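The values are calculated or read from the model by the stated rules, or taken from the named source; none is laboratory data. What you see is a predicted model, and the numbers here were worked out from it, not measured in a lab. Note: ideal-geometry Cβ built from the backbone for every residue, glycine included; neighbour counts use all protein chains shown. Protein only, heavy atoms only, side chains kept; ligands, DNA and RNA dropped before computing areas. Shrake-Rupley method; radii C 1.70, N 1.55, O 1.52, S 1.80 Å.
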Amino acid sequence: MSVEISKSDGPSDAPPAGPAGPEAIKAIPVRHYGRYVSAFVALALLATIIYAFSQGKINWGAVPDYFFDDRILKGVGQTMILTVLSMAIGVIGGIVLAVMRLSKNPVMSSIAWSYIWFFRGTPVLVQLMVWFNLGLVFEYINLGPIYKDYWASFMTPFLTALLGLGLNEAAYMAEICRAGLLSVDEGQTEASHALGMSHAKTLRRIVIPQAMRVIVPPTGNEVINMLKTTSLVATVQFYELLRYAQDIGQTSGAPVEMLFLAAAWYLLMTSVLSIGQYYLERHYARGSLRTLPQTPLQKIRANLLSLGRPNGGTA
């Protein structure tokens, strides 16, 4: 007798049902009420300031009328020329003073330290006034057979501004350069000397290129600061942006408006310099960072692309 076994009576070929998966976690974002309050207070203060200036007796139309005036553009050019030349004196002098400061020669080191101590310890406006009034102390400048003239004819307003700003900047650049040179590991110098390289060649080929990564960021800040500091030379009768703006303000009857115009030009020039500083820092960061930071254009492009993606920018 045969026995038929139904398929339903035997063990099932299907695997047993596993335990139910964990429930999806519903993330609830944290509410930052302090951010909302601080943002509201900041916007309220900004709106109050804008409203106050809009109600003041200010002829805002005078700003665009004189924005591209020939005198203003000439002042902008003079400001840029003075900035570049003063920074050139400051950078070259700063490198020389930094090397002197690190020298094992006590005389050279002491001279460099005294220079930095004096020029960092006195206000730049005082230094400008001293250079401008040295004609009251010295009637002539006599360099022997090379040059001889009256001090008043020699020390022009431009030379006064250039020496006052450039020599003062050299003291600050000396400390920046010294910090950059000290940031390079001493093993680099020892290895270079072991290969037979002289001290000067080691500085030029090994140390300074590596120190640039540390020197460039504060130097960029010094350039921007120098651009704004050039406004002080108006006190020594040198015509730059601020001086021309003040003269136009006196003749046009809009002195405050011309100061706003000068401020707008300073903001424009410092913004351009800030962009250049960013790309220069990015260039020298290639040897220290695995991934370079995004440029402003790359950040804008990434943000625009993220807006078109679903779920808040995730693919």
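Key figures
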{"quantity": "Unique residue being crowded, with 16+ Cβ neighbours inside 10 Å, of a type in the set (Asp, Glu), under 30 Å from GLN210 (Cα atoms) and at pLDDT below 95 when the list is GLU190, GLU175", "calculated": "GLU175"}
{"quantity": "Scope region 214-263; condition surrounded by fewer than 20 Cβ atoms within 10 Å (Cβ to Cβ) and aromatic (Phe, Trp, Tyr); matching residues", "calculated": "TYR239, PHE260"}
{"quantity": "Odd one out for SER103 among (1) closer than 30 Å to ILE248 by Cα; (2) small (Gly, Ala, Ser); (3) surrounded by 10 or more Cβ atoms within 10 Å (Cβ to Cβ)", "calculated": "(1)"}
{"quantity": "Any hit, region 239-247, residues being polar (S, T, N, Q), under 17 Å from LYS74 (Cα atoms) and free of Cβ contacts under 8 Å to residues at least 24 places away in the same chain", "calculated": "yes"}
{"quantity": "Search result, residues across region 193-225 that are of a type in the set (D, E, K, R) and at pLDDT below 85", "calculated": "LYS201, ARG204, ARG205, ARG213"}
{"quantity": "Filter pass, GLY196 being free of Cβ contacts under 8 Å to residues at least 60 places away in the same chain, loosely packed, with under 15 Cβ neighbours inside 10 Å and at positive phi", "calculated": "yes"}
{"quantity": "All helices (runs of 4 or more DSSP H) inside region 226-315 with 1 or more residues being modelled with pLDDT of 75 or more and under 21 Å from TYR66 (Cα atoms)", "calculated": "241-252, 255-284"}
{"quantity": "Helices (runs of 4 or more DSSP H) lying entirely in region 101-202 (those with 3 or more residues that are among the small types (Gly, Ala, Ser))", "calculated": "106-121, 157-183, 186-194"}
{"quantity": "Any hit, region 6-29, residues being part of a helix (DSSP H, G or I) and either touching a Ser or Thr at 6+ places or on another chain (Cβ under 8 Å) or at pLDDT below 90 (or both)", "calculated": "no"}
{"quantity": "Residue count for region 54-100, restricted to those that are assigned to a loop (DSSP other than H, G, I, E, B) and either of a type in the set (Ser, Thr, Tyr) or modelled with pLDDT of 90 or more (or both)", "calculated": "3"}
{"quantity": "Pairs where the first residue, in region 163-191, is under 17 Å from VAL233 (Cβ atoms) and the second is among the charged types (D, E, K, R) and open to solvent by 30 Å² or more (accessible area, probe 1.4 Å), C-beta under 9 Å, 6+ apart", "calculated": "ASN168/ARG120; GLU169/GLU222"}
